[in-house]
1. Just a yes or no: is a residue in the stretch 11-34 over 16 Å from the mean Cα position of the chain (by Cα) and of a type in the set (Val, Ile, Thr)?
2. What pairs come out if I take residues in the stretch 1-29 that are over 18 Å from residue 39 (Cα atoms) and pair them with residues that are assigned to a loop (DSSP other than H, G, I, E, B) and open to solvent by less than 80 Å² (accessible area, probe 1.4 Å) whose C-beta lies under 6 Å away, six or more apart or interchain?
3. Of all residues in the stretch 23-40, count the ones that are open to solvent by less than 100 Å² (accessible area, probe 1.4 Å), part of a helix (DSSP H, G or I) and either closer than 19 Å to residue 51 by Cβ or at pLDDT 95 or above (or both).
4. Only residues that are surrounded by 11 or more Cβ atoms within 10 Å (Cβ to Cβ) and among the aliphatic types (A, V, I, L, M): list them for the stretch 1-17, please.
5. Those residues that are open to solvent by less than 100 Å² (accessible area, probe 1.4 Å) and part of a helix (DSSP H, G or I), I need them from the stretch 41-54; list them, please.
Amino acid sequence: MASKIEITVKETNPFKVAKIKNQVQQLADLDEDTLDKLIKIKKSKNGLTFFKENWEMIESMVM
């Protein structure tokens with residue numbers, strides 16, 4: 001049985017809200033370990049910068 005959670009977003013544009021909803025649903029499908037790793041990247045200024053600056057390389061390696 002799935003659990004339901006409610007998330008409040010600052011966005012008011014309905015098209016952007018729909019996109020955010022889809023993104024959160026995609027994240028909800030990830031396992032706990034993967035989510036923990038993504039949170040570590042998000043919390044690390046260097047990790048987030050590296051991720052943003054090297055996204056094309058990362059994407060090409062995993063896609």
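The values are calculated or read from the model by the stated rules, or taken from the named source; none is laboratory data. Because the structure is a prediction, the values reported are computed rather than measured. Every residue, glycine among them, receives a Cβ derived from its backbone with ideal geometry; neighbour counts consider all protein chains shown. With ligands, DNA and RNA removed, areas are computed over all heavy atoms of the protein, side chains included. Shrake-Rupley method; radii C 1.70, N 1.55, O 1.52, S 1.80 Å.
1. Within the stretch 11-34, one or more residues are over 16 Å from the mean Cα position of the chain (by Cα) and of a type in the set (Val, Ile, Thr).
2. Sorted first by the residue in the stretch 1-29, then by its partner, the pairs are 17/11.
3. Final tally of qualifying residues: 9.
4. Within the stretch 1-17, 17 is the sole residue that qualifies.
5. Residues satisfying the conditions are 41, 47, 48, 49, 51.
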